2 protein chains.
Amino acid sequence: MAGSETRLRRSRADFERNRSEILESAEKRFSKEGVGTSLEAVARDAGVGSATLYRHFPTRDALLAELLSRRESQLLSEKHRIEQIVDSGSALEQWMAALEDFFGAFEGLPGPLRSAFLEEHNPLAVSCTGFIELTGQFLGAAQRDGKAHSWLRARDLFLAALALSWVRGSSLADESSQQHLRALSRDGYASTNEAP
Amino acid sequence: MAGSETRLRRSRADFERNRSEILESAEKRFSKEGVGTSLEAVARDAGVGSATLYRHFPTRDALLAELLSRRESQLLSEKHRIEQIVDSGSALEQWMAALEDFFGAFEGLPGPLRSAFLEEHNPLAVSCTGFIELTGQFLGAAQRDGKAHSWLRARDLFLAALALSWVRGSSLADESSQQHLRALSRDGYASTNEAP
DNA sequence: ATAATAAACGGGGTGCCCCCCCGTTTAGCA
DNA sequence: TGCTAAACGGGGGGGCACCCCGTTTATTAT
C-alpha cells in the first residue's frame with residue numbers, strides 16, 4: 001500500500017558495474033582502433049559475455065552515443081572558451097575547428113554521425129541535433145554581424161565540419177592539406193570577382 | 001629457337017571470360033549495394049569460385065580500380081564538354097560538380113578513394129592521381145584568370161570534391177543541403193569583410 | 001590427332017565477427 | 001533466510017574474407 005504498484009525494484013549493482021566496465025573498455029578500444037573495432041573484444045576486455053554487451057547497448061551506435069555524451073563536457077568547455085571571443089566571425093571559425101577536433105575523437109566517427117543525421121531513431125541522431133543547435137548559436141551571431149553568409153543554416157556547417165573531419169583521416173601525413181581545406185571552407189575556392 | 005625462351009604461352013580463353021564475368025557482376029552489385037557488398041556474392045553471380053575472384057583481383061580495391069577505369073571515359077567526355085566553356089571560373093565549378101557526381105558512382109566509393117590517397121601501393125591511388133591531374137588543368141586556368149585563389153592546390157580540390165560526395169550520402173533526402181554545401185565550397189562560410 | 005604440361009579452377013576449410021537463444025546464477029526484497 | 005525477477009554468459013547459427021590444394025582444361029609440341 002505504501003507506494004504504488006509501479007514501485008520498481010532497484011536495479012542490480014552488477015548491472016551498473018558491468019555497464020561501466022563496458023563503457024571503459026569501449027572507450028579504450030574505440031580510441032585505439034576506431035569505431036569499427038570488434039564488439040566481442042570490447043566485451044572480453046570488460047569481462048562480460050557478448051550478450052551482456054548487447055543487452056546494455058543493442059547497437060554499435062547506441063554504444064557510440066553514450067561514449068560521445070560522456071565526452072560532451074569537453075566540447076562544452078570549448079564552447080565557453082569560444083564564447084568569450086568578441087569577434088563573432090573568428091568565434092565561428094574556432095567553433096568549427098573545435099567541432100572538427102571533437103569528431104576526431106574516434107577514427108571513423110564521422111561515418112556513423114553522417115548516417116545518423118537523417119535516421120530518426122538512431123541514438124546518435126540526438127547527438128547530431130545537439131551539435132547543430134550549438135553551431136546555430138555561433139552562426140547566428142556571426143550572421144547578425146555580417147560575418148557569415150545569410151543563406152547558411154546550422155546543419156550546413158555541421159555537415160561541413162563532419163566532412164572536414166572525415167577528410168582529415170586521409171591527410172594526417174600532410175598537415176598543410178588540412179589547413180588548406182579549412183581555409184577553403186571559410187573562403188571558398190573562388191576568388192571574389194571584381195569587375196574587370 | 002624460333003622465338004626466345006621468354007615466349008609466353010597465350011593466356012587461356014576462360015581466363016579473360018571469367019574476368020569479364022566478374023567485372024560485370026561486380027558492376028551490378030557495387031552499383032546496387034555499394035562498395036561494401038559481399039565479394040563472395042559477386043563470385044557467385046559471376047559463376048566462379050571465390051578463389052578465382054581473388055586470383056584476378058587480390059583486394060577489393062583492385063576490383064574497384066578496374067571498375068573505375070572502365071567508367072573513366074564518362075568522366076573524360078564530361079571533361080571535353082566542360083573544356084568548351086569560356087569562363088574558366090564556371091568551368092572549374094562544373095568540373096567540381098562532375099567529379100562529385102563521378103564519385104557517386106558507387107555508394108561508399110569516397111571512403112576507399114580517401115584511404116588510397118596516401119597509400120603508395122593501393123591500386124586506387126593511380127586513379128586518384130589521375131583525378132588530381134585533371135583537376136589541376138581546370139584549377140590552373142581559373143587561377144591564371146584570377147578566378148580561383150592562388151594558394152589552392154589541385155589535391156585540395158580533389159579532397160574537397162571527395163568530401164562533398166561523401167556528405168551527399170547523408171543528405172540525399174534534402175537536396176538543398178547539397179546545394180548549400182556546394183555553394184559553401186565555392187564561396188566559403190565567411191562573408192567578405194568590408195572595412196566597416 | 002594426341003599426349004604433355006603448365007595455367008587456371010573451385011570446393012571446402014579456417015578464423016573472425018555479429019547477434020541471439022535459453023538454461024543458470026544472483027542480487028534485491030519480504 | 002527463502003522467493004522471484006532481473007541479469008548473466010556460454011554457445012550456436014549465419015555470414016564473410018581469405019587461402020589451400022587436389023582437379024580440370026586449354027594450349028602447345030610431337
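B:Lys32 label point (Cα plus 7 Å toward Cβ) to equivalent points in the other copies: 4.1 nm, shortest first. Here region B:91-143 is treated with +1 on each Lys and Arg Cβ and -1 on each Asp and Glu Cβ, and its dipole about the Cα centre works out to around 60 debye.
Assign one of three labels to region A:20-163, namely rounded, prolate or oblate, based on the Cα gyration tensor with a ≥ b ≥ c the square roots of its eigenvalues; rounded applies when a/c is under 1.5, prolate when it is not and a/b is larger than b/c, and oblate otherwise. It comes out prolate by the Cα gyration axes. Placing R0 at 56 angstrom, the Cβ-Cβ distance between B:Leu76 and A:Lys32 gives a FRET efficiency of 0.85 after rounding to 0.05.
In order along region A:60-72, the Karplus-derived 3J(HN,Hα) couplings, from 6.51 cos²θ - 1.76 cosθ + 1.60 at θ = phi - 60°, round to 4, 5, 5, 5, 4, 4, 5, 4, 5, 5, 6, 8, 4 Hz, and Gly and Pro are given as x. Contact order, relative form, for chain A: 18 percent (alpha carbon pairs under 8 Å, 6 or more residues apart, mean separation divided by residue count). Over region A:42-151, Cα pairs under 8 Å with separation of 6+ residues give a relative contact order of 27 percent.
Inter-copy label distances at A:Asp145, shortest first and taken from points set 7 Å along Cα to Cβ: 3.6 nm. Residue by residue along B:158-167, Cβ atoms of other protein chains within 10 Å of the local Cβ number 6 on average.
Shortest first, A:Gly49 label-point distances to identical copies amount to 3.9 nm, with the label point at 7 Å from Cα along Cα→Cβ. Compared with the dominant Cα axis of chain A, that is its longest principal axis, helix A:123-144 is turned about 30°.
Taking every DSSP helix (H) stretch of at least 4 residues in chain A, weighting each as -39,500 (n - 2.57) and dividing the sum by the residue count yields a mean residue ellipticity at 222 nm of -22000 deg cm²/dmol. Karplus-derived 3J(HN,Hα) values for region B:82-97, using 6.51 cos²θ - 1.76 cosθ + 1.60 with θ = phi - 60°, are 5, 5, 6, 6, 6, 6, 5, x, 6, 4, 4, 4, 6, 5, 4, 5 Hz; glycine and proline are entered as x.
The length gained by stretching the chain between A:Ala62 and A:Asp101 to full extension, at 0.36 nm per residue less their Cα-Cα distance, is 11.9 nm.
Modelled this way, with points 7 Å down the Cα-to-C-beta line, the labels at B:Leu118 and A:Gln94 are 2.8 nm from one another.
Each residue of region A:35-51 was assigned a 3J(HN,Hα) from its phi angle through the Karplus curve 6.51 cos²θ - 1.76 cosθ + 1.60 (θ = phi - 60°); the sequence is 6, x, 4, 5, 5, 5, 5, 4, 4, 4, 4, 7, x, 10, x, 5, 4 Hz, with glycine and proline shown as x.
A short reminder: the numbers here are calculations on the coordinates, not readings from a lab. In this text the structure is predicted, and so the values were computed from the model without any measurement. Positions of Cβ are backbone-derived with ideal geometry, glycine not excepted, and every protein chain shown enters the neighbour counts.
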